[in-house]
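**Q** Could you have a look at this structure, given as structure tokens, before my questions?
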Amino acid sequence: LWNRCLARLEDELPAQQYSMWLRPLQVVASADGGELILFAPNRFIVDWVRDKYLERIGELLGELQSGPLPTLSIKVGASRPSRPAITPAPVATPAPAVPASAQSFGGAAPAPRDSAPGVTAKHRSNLNSTFLFENFVEGKSNRMAAAAAQQVAENPGTHGYNPLLLYGGVGLGKTHLMHAVGNGLLRRNPNAKVVYLHSERFVADMISALRNKTINEFKRFYRSVDALLIDDIQFFAGKEQSQEEFFHTFNALLENGQQIILTCDKFPKEIDGLEERLKSRFGWGLSQPMEPPELETRVAILKKKAEEARIELPNDAAFFIAQRIRSNVRELEGALKRVIAHVRFTGAPLDIGLVKDALRDLLAIQARQVSVDNIQRTVAEYYKIKIADLLSPRRSRSVARPRQVAMALSKELTSHSLPEIGDAFGGRDHTTVLHACRKVKELREGSTEIEEDYQNLLRSLTS
Ligand code: ADP
Ligand code: MG
């Protein structure tokens with residue numbers, strides 16, 4: 001019950017609020033279900049949750065169960081399994097994007113031999129069965145990545161597609177696609193041993209295997225899979241021993257034609273603290289970037305998610321949301337969830353007015369955010385040039401430098417993607433924007449004058 005309640009809260013609240021105040025709670029239910037005690041790590045959280053969320057939690061509990069409502073209280077402490085009449089419910093933290101944390105291989109207690117992790121692949125794959133190709137909406141920004149993923153799901157281990165590396169910013173569907181491949185592999189062969197885990201999990205499991213002297217089993221386990229899916233490999237940065245171990249696992253799998261799929265938040269070559277030999281090896285197969293989706297794709301995603309939630313989302317409302325939430329799909333989903341919660345809560349028809357109401361905070365924050373237009377205007381004024389010069393093809397230093405500064409500021413202060421910024425600067429390529437950002441960084445480090453200009457501009461744009 002608590003897990004379902006948490007899931008609802010997660011839908012309703014901004015992610016940050018949820019993870020700050022609700023995720024740390026532990027819950028204990030009395031054996032007869034008549035009492036529910038929430039434990040918070042400190043007084044501050046107790047007060048805050050009591051003030052802001054307890055009422056809503058009570059309402060949700062009422063909605064989610066039919067019987068009499070348990071009495072609800074909150075106090076400082078942790079759930080203690082040893083209490084006789086009271087059984088601890090598991091703390092609900094399984095974020096769908098990182099299911100590995102819910103049921104991971106390894107851990108402190110060595111499992112009995114037969115049920116060694118992964119032996120019954122079907123039950124141990126950690127795949128999220130809701131991330132499928134069928135509910136992945138394709139558009140220009142992700143079509144190549146989706147095609148590569150599909151190819152791997154159909155012909156795992158194919159030379160040239162191994163490893164498959166999907167990289168790009170947060171919330172763009174990397175984890176979704178990765179699971180879609182895993183689910184596809186299992187659909188084709190239910191006995192396949194497909195293992196998904198987050199790279200942090202790999203590191204933690206390796207450390208506990210070393211401590212428990214089960215490193216040989218650890219190695220055997222990872223070398224025995226048909227497909228190994230490791231999410232967010234940027235977390236390997238700076239962890240030398242894990243990289244070493246992963247390097248060997250990686251080689252062993254590749255040699256045997258076992259499929260490896262990796263995701264990363266940037267192109268691996270750009271990760272500091274990652275060994276060169278790993279960087280180059282990650283590039284042996286196919287690397288596919290994932291970009292923020294364009295407007296039409298964002299609309300299509302909203303329509304799809306609304307349909308899944310069995311909510312009729314009119315086109316104008318979908319466009320209204322998609323025009324305002326641009327940076328990534330996770331935020332788009334978050335906004336839609338808020339809208340849906342609002343519809344269910346108020347019973348009002350879903351139109352633009354309701355969307356405005358539901359997203360009021362979000363839109364207010366956005367209104368305060370700096371726009372590229374604003375940046376261009378401010379930079380042009382500061383350097384005493386024309387805005388048109390910033391957008392023009394002119395390359396003379398007197399306009400090229402301010403243009404680069406304006407691009408770097410746009411990257412820093414707005415949530416626009418590199419291609420979008422490029423577009424806003426007279427249709428330049430995203431590599432030009434990337435180059436400008438690097439150049440400005442270098443110039444700021446090398447020249448106090450430019451650093452001062454940059455700081456002045458930052459100040460006037462954000463104050
Ligand atoms: P990443 O791993 O890149 O940070 P995720 O795969 O976790 O992003 O995606 C974030 C959320 O957005 C997930 O709920 C996912 O289902 C959804 N999502 C991302 N891209 C798409 C898409 N193209 N179609 C449908 N849902 C998507
Ligand atoms: Mg992810």
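**Q** At a temperature of 25 °C and a viscosity of 0.890 mPa s, determine how fast the range 120-289 diffuses translationally according to Stokes-Einstein, using the Kirkwood radius over alpha-carbon pairs as Rh; express D in µm²/s, rounded to the nearest whole number.
**A** So the translational diffusion coefficient is about 154 µm²/s.
**Q** Just from its helices, what would the mean residue ellipticity at 222 nm be for the chain, if runs of 4 or more DSSP H residues each count -39500 (n - 2.57) and the sum is divided by every residue, rounded to the nearest 500 deg cm²/dmol?
**A** Working: 21 runs with 239 residues, N = 463.
After summing the helix terms and dividing by the residues of the chain, the value is -16000 deg cm²/dmol.
**Q** Where does each of L253, L69, L172 land when they are ranked from fewest to most other beta-carbon atoms within 10 angstrom?
**A** Details: L253 22, L69 12, L172 26.
Final ranking by Cβ density, sparse to dense: L69, L253, L172.
**Q** A further question on this structure: Based on Cα coordinates alone, diagonalise the gyration tensor for the range 295-368, multiply each eigenvalue by 5, take square roots, and list the semi-axes in whole Å, largest first.
**A** Details: eigenvalues 54, 47, 21 Å².
For the range 295-368, the semi-axes come out at 17, 15, 10 Å.
**Q** Okay, next question. What ranking of H176, H430 emerges when the number of other C-beta atoms within 10 Å of each C-beta is taken as an exposure proxy, fewest first?
**A** Values: H176 27, H430 15.
Starting with the residue having the fewest Cβ neighbours, the order is H430, H176.
**Q** At a 10 angstrom cut-off on C-beta neighbours, averaged per residue, how do the peptides 400-412, 371-383 rank from highest to lowest?
**A** Working: 400-412: 22.5, 371-383: 18.1.
By packing density, highest mean first, the sequence is 400-412, 371-383.
**Q** Related question: How high is the relative contact order of the range 295-368, in percent, counting Cα pairs under 8 Å that sit 6 or more residues apart? Each step should come with its number before you reach the end.
**A** Details: 59 pairs, mean separation 21.9, N = 74.
Answer for the range 295-368 is 30 percent.
**Q** Over the chain, one equal point on each Cα, no solvent: what is log10 I(q)/I(0) by the Debye formula at q = 0.07, 0.09, 0.12, 0.13 Å⁻¹?
**A** -0.46, -0.76, -1.25, -1.36
**Q** Considering only the other residues whose Cβ falls under 10 Å of the Cβ of D453, what net charge follows from Lys and Arg at +1 and Asp and Glu at -1? Intermediate results must be reported in sequence, preceding the final value.
**A** On the way: positive: R401, R444; negative: E449, E451, E452.
Net charge around D453: -1.
**Q** Count charges around I387 for me, please; just the other residues with Cβ under 14 Å from its Cβ, Lys/Arg as +1, Asp/Glu as -1. It would help to have the intermediate numbers written out before the result.
**A** Numbers: positive: R377, K384, K386, R394, R403; negative: D373, E381, D389.
For residues surrounding I387, the net value is +2.
**Q** Step through the table entries K269/K386; K140/K266; K279/K337; K269/K411; K213/K269, compare each Cα-Cα distance with 27 Å, and write down the pairs that go over it.
**A** Working: K269/K386 38 Å; K140/K266 19 Å; K279/K337 38 Å; K269/K411 21 Å; K213/K269 33 Å.
Cα-Cα > 27 Å for K269/K386; K279/K337; K213/K269; rest within.
**Q** What is the chain's relative contact order, in percent, from Cα pairs under 8 angstrom and six or more apart in sequence? Before the final figure, lay out the partial values.
**A** Working: 664 pairs, mean separation 56.2, N = 463.
Taking the mean separation of contacting Cα pairs over the length of the chain, I get 12 percent.
**Q** With Cβ to Cβ distances under 10 Å as the rule, what net charge do the other residues near I421 carry (K, R +1; D, E -1)? Before the final figure, lay out the partial values.
**A** Values: positive: K411, R428; negative: E420, D423.
Summing Lys/Arg as +1 and Asp/Glu as -1 gives 0.
**Q** Have a look at the DSSP beta bridges in the chain and tell me what percent are antiparallel, nearest 5. Show your work: numbers first, answer last.
**A** Values: 7 of 30 bridges.
Of the beta bridges lying entirely in the chain, close to 25 percent run antiparallel.
**Q** Checking the a/c ratio against 1.5 first, then a/b against b/c, what shape does the Cα gyration tensor give for the range 207-247? Mind dumping the intermediate values first?
**A** Details: a/c = 2.30, a/b = 1.13, b/c = 2.04.
It comes out oblate by the Cα gyration axes.
Any read-out appearing in this document is the output of simple, stated calculations on the displayed coordinates, not a laboratory observation. Predicted model, so just to flag it, every value in this text is computed and none were measured. Note that each Cβ is placed from the backbone with ideal geometry, even for glycine, and that neighbours are counted across all protein chains shown.
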